[in-house]
Amino acid sequence: MVNLENQIFSSYKRNPVLFDEIFDKNGQVKDVYSKLFTLYGEHSIKDYVNLNEKAKSSFFNQGITFQVYDKKKTEEKIFPFDLFPRIIPPEEWNIIESGAIQRSRALNLFLWDIYHDKKIIRQGIVPMDLISSSANYLDQMNKVDPPGGIYNHISGTDIIKHTDGQYYVLEDNIRCPSGVSYVICNRTALKRALFGVFNHYKTYSVTNYAENLLDLLETVKPKGVDIPNVVVITPGMFNSAFYEHSYLAKTMGVELVEGRDLFVENDFVYMKTIQGPQKVDVIYRRIDDAFIDPLEFKPDSSLGVPGLFAAYKKGNVTLANAPGTGVADDKAVYTYMPEIIRYYLNEEPILNNVHTYHCSRPKELKYVLEHIETLVIKPVDEAGGYGISIGNRLSKKEIEVVKAQILLNPRKYVAQPIMSLSVHPTYIDKTESFEQRHVDLRTFTVLGKDKEFVLKGGLTRVALKRGNLIVNSSQGGGSKDTWVLKT
Amino acid sequence: MLARVANNLFWMGRYIERSEHIARYLRVNYFSSLDAPNQVSQSRQFVLRSMLNMIGDPIEDESIVHSEERVLYKIGLDPNYPSSIINNVRNVRENANSARDLISTELYESINKFYHFISKYDPKVYTKNGLHDFTLNVTEMSAILRGKVRSTLMHDEIYAIIMMGTNIERATQIIRIINAKSNDALKAQGSYGDKFKNSFEWTTLLKCTESYDMMRRYYKKTPSSISTLEFLILNPDCPRSIMNSLNQVFKHMQILDPNTKLDRDSTAFLVAKVKAEYEFKCIIEIEKDIQSVIDTTLDSLYEISQKMEEEFFSY
């Protein structure tokens, strides 16, 4: 236990093995947090109990909720929000920002290449197998030129800080990364609850995301269009991310449509308005590849628009992100990221990659099977934290099950050393105190034609269960407001 | 604006208005009957029947005895009764949800609070002694929503659609309330002169439509059947009258269809036609046959709603 002259932290248990974002190895508060630490210390723990309730009802009344389906009834829940913000100092942010842009650009060039000449494969930098056996590679995208040459308009990069104090990328999400609305809501909620603390720091605003997104989406409009008509397409209000879809449409000032609101005629896309059909030029789609067009992909999809893909291939409409981007956020492709960056950009990677063992390679498979208790095993094609096994948490029996699963389909699995996510003081409802919890960071990068934008903030996700490393909201994670400081 | 979303906003407007009228009808009838001047008006069964009649679930069989608790629960908080207030408010929210990108954050937050207020209301408290509190909150929260609609949305197509819904529904509810109360007036007649004309129920009718004070100021007399009906149907300055609602529908229709030369087959034409009929109606005609005026008004409103659906919402 650290003895601190700060009431709210008096019972804060610091595990010295973990990297704490606020306290250094000796238990001293780091410079960048010192003011915040003092300011928070002026409150009693009772104040936090109250503020926490207020923040919760603020989210609830604003309807920033998701549905949990039970046999008996559906319940509305809020994403847990933590009152203690995470601070990223400018020198660290510069690395994150330039690293995120570098990765997004490299992935975009990689996608262009594998859907066109496949030079990177022919030159033996990555194996053919990586693409030919990927479930997310779309043959239909072969030789298709997306407007503006952009595939991954929006990327969500999941970054952690390891015990060595270095940032590592865990995952690039370039299908339909979500969470950006929570970045903005978290800021609003924290401002409502603890406005006083903002005066003491120069923090970047996060409210400019939508205008930048719209701006960049307009740069990738189809040829021959003057002022593009942009829409956001959602699977509908029962989707768990519906709040975000409506938030983005509202803040960009564009229509939020469902598949049934659109139709295709002569390879042009129209929406059904009260004043008759209106042409649509750019679609920010929050529907997975498989569902966007029943004529081309899943025939029983009722979420998509028949004929949409044909219109896309003709270049009459932009889809963001482009179909088929999933092939590049595959966890197996991830392991080649350093090579991919060097190959296309002729630069050294700015952000670290976690070393990865491919179970498809016999030698590495052998290593994985022998060292399973020191590794994290991940299926390459699952999102949302599903199917992950953490070696040192498994019983002997469970290890055997995992081994058998890997052997059944080695291509499906990769393994990485167990990375320790940094921890951050987090208010815990149950104990009414601040405790260490693991955090990560998802940044949001937008690519346009010759332009890019990274939201100066990001979503700090917290694993609310003690000791838990999986931060996804679907697995009981919460989030924090994230402050990027100005220099 | 998307046709689907326009349809939802139209219905959002209708459900907001509907919840308010139902809640007010419950409250006013229940509480004014407690000290009503005659036996019939004071009877619990009489009041409960009137409530069921207004909500569109009339029970003709006079021998059936209604349980007060059950009727109040059914109309207020029964999730299995489609016309209950709780379902109306749920519909308000569902419709608002799908148009969340179009309506203001402020309006949505108020709708959401309204919904949570209703869904958390304990049915036992409500039927035992919460009727006044519950219904008063419903009417006040609907008034807040109307205020937010007016002051936090651009007065463009979106607003026009919501206002069309609101005013079509208002006219519909007012005419249904007139229907239910004139029925009551037949049963609970006054004690002097023309007994139907002087029934206490006309006063209750005006209170049910929040028009009693306005009416007293205008006529300076005890409400009778003629003055009440004239005021509630024909007076363009009474914000609850059929005439006023039709004027509002007409006004907002012009935002959706600004043509001056109207297509005979358009909604705008139909609205103008119905409005003109009421502009040139006299109370004497109405008095002769109240029932047929009620029926044709309901038919016309239904026709306008159908026409809108055809012209704007379906593809």
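The values are calculated or read from the model by the stated rules, or taken from the named source; none is laboratory data. These figures come from a predicted structure and were not determined experimentally. Positions of Cβ are generated from backbone atoms using ideal geometry, with glycine treated the same way; all protein chains shown enter the neighbour counts.
Test residue B:27 against the criterion of being surrounded by 20 or more Cβ atoms within 10 Å (Cβ to Cβ) and away from chain A (no Cβ under 14 Å), and give yes or no.
Working: surrounded by 20 or more Cβ atoms within 10 Å (Cβ to Cβ): yes; away from chain A (no Cβ under 14 Å): yes.
Yes; evaluated as a whole, the condition is true for this residue.
Just the residues that are over 16 Å from residue B:130 (Cβ atoms) and surrounded by fewer than 15 Cβ atoms within 10 Å (Cβ to Cβ), please, taken from the range B:45-78.
Hits for the range B:45-78 are B:45, B:56, B:57, B:58, B:59, B:60, B:61, B:62, B:63, B:64, B:65, B:67.
I'm told residue B:27 meets every condition in (1) part of a loop (DSSP other than H, G, I, E, B); (2) in contact with a helix residue (DSSP H, G or I) (Cβ under 6 Å, 6 or more places away or on another chain) except one. Can you identify the failing condition by its number?
Exception for residue B:27: condition (1).
When you scan the range A:166-201, how many residues do you find that are within 23 Å of residue A:243 (Cα to Cα) and of a type in the set (Ser, Thr, Tyr)?
Going through the range A:166-201 one residue at a time, the tally reaches 4.
When residues of the range B:271-309 are filtered for being surrounded by 12 or more Cβ atoms within 10 Å (Cβ to Cβ) and either within 16 Å of residue B:161 (Cα to Cα) or within 19 Å of the chain's Cα centre (by Cα) (or both), how many remain?
So the count comes out to 21.
Identify, from the list A:110, A:60, A:66, A:81, the residue that is closer than 29 Å to residue A:331 by Cα, surrounded by fewer than 19 Cβ atoms within 10 Å (Cβ to Cβ) and within 28 Å of the chain's Cα centre (by Cα).
A:66
Taking strands (runs of 3 or more DSSP E) that fall entirely within the range A:206-312, which contain at least 2 residues that are within 13 Å of chain B (Cβ to nearest Cβ) and not small (Gly, Ala, Ser)?
In the range A:206-312, the matching strands (runs of 3 or more DSSP E) lie at A:230-233, A:255-257, A:262-265, A:268-273, A:276-280.
With respect to residue A:449, determine if the residue is under 22 Å from residue A:211 (Cβ atoms), surrounded by fewer than 22 Cβ atoms within 10 Å (Cβ to Cβ) and out of contact with any strand residue (DSSP E or B) (no Cβ under 7 Å at 6 or more places or on another chain).
The answer is yes for residue A:449.
State yes or no: is residue A:15 surrounded by fewer than 19 Cβ atoms within 10 Å (Cβ to Cβ), in contact (Cβ under 8 Å) with a residue 24 or more places away in the chain, at negative phi and part of a loop (DSSP other than H, G, I, E, B)?
When the stated conditions are applied, residue A:15 passes them.
Taking the range A:289-318 only, how many residues are over 17 Å from residue A:146 (Cβ atoms) and acidic (Asp, Glu)?
Total satisfying the criteria: 1.
Residue by residue through the range B:148-162, note down the ones that are of a type outside the set (Phe, Trp, Tyr), more than 15 Å from residue B:92 (Cβ to Cβ) and assigned to a helix (DSSP H, G or I).
Once the filter is applied, which keeps residues that are of a type outside the set (Phe, Trp, Tyr), more than 15 Å from residue B:92 (Cβ to Cβ) and assigned to a helix (DSSP H, G or I), the range B:148-162 yields B:150, B:151, B:152, B:157, B:158, B:160.
Would you mention how many residues in the range A:68-121 are farther than 30 Å from residue A:31 by Cβ, touching a residue at least 60 places away in the same chain (Cβ under 8 Å) and of a type in the set (A, V, I, L, M)?
6
Take residue A:407 and tell me if it is assigned to a strand (DSSP E or B) and among the hydrophobic types (A, V, I, L, M, F, W, C).
Judged against the criteria, residue A:407 is not a match.
Go through the range B:179-195 and give me each residue that's closer than 17 Å to residue B:42 by Cα, surrounded by fewer than 22 Cβ atoms within 10 Å (Cβ to Cβ) and not basic (Lys, Arg).
Result: B:182, B:183, B:186, B:189, B:190, B:191.
Anything in the range B:218-256 that is outside any helix (DSSP H, G or I), surrounded by fewer than 19 Cβ atoms within 10 Å (Cβ to Cβ) and over 19 Å from the mean Cα position of the chain (by Cα)? List them, or say none.
Correct list: B:220, B:221, B:222.
Within the range A:186-204, identify whether any single residue is over 30 Å from residue A:311 (Cα atoms), part of a strand (DSSP E or B) and modelled with pLDDT of 90 or more, and answer yes or no.
yes
Do any helices (runs of 4 or more DSSP H) entirely within the range B:53-146 hold 2 or more residues that are within 25 Å of residue B:172 (Cβ to Cβ) and within 14 Å of chain A (Cβ to nearest Cβ), and if so, which?
Numbers: elements: B:68-76, B:85-98, B:105-120.
Output list reads B:85-98, B:105-120.
State all residues of the range A:297-310 that are modelled with pLDDT of 95 or more and surrounded by fewer than 24 Cβ atoms within 10 Å (Cβ to Cβ); if no residue qualifies, say none.
A:306, A:307, A:310
Could you grab me the full set of residues in the range A:379-414 that are surrounded by fewer than 17 Cβ atoms within 10 Å (Cβ to Cβ), at pLDDT 85 or above and hydroxyl-bearing (Ser, Thr, Tyr)?
Passing the criteria: only A:395.
Pick from A:339, A:348: which is closer than 30 Å to residue A:98 by Cα, over 20 Å from the mean Cα position of the chain (by Cα) and touching a residue at least 12 places away in the same chain (Cβ under 8 Å)?
A:339
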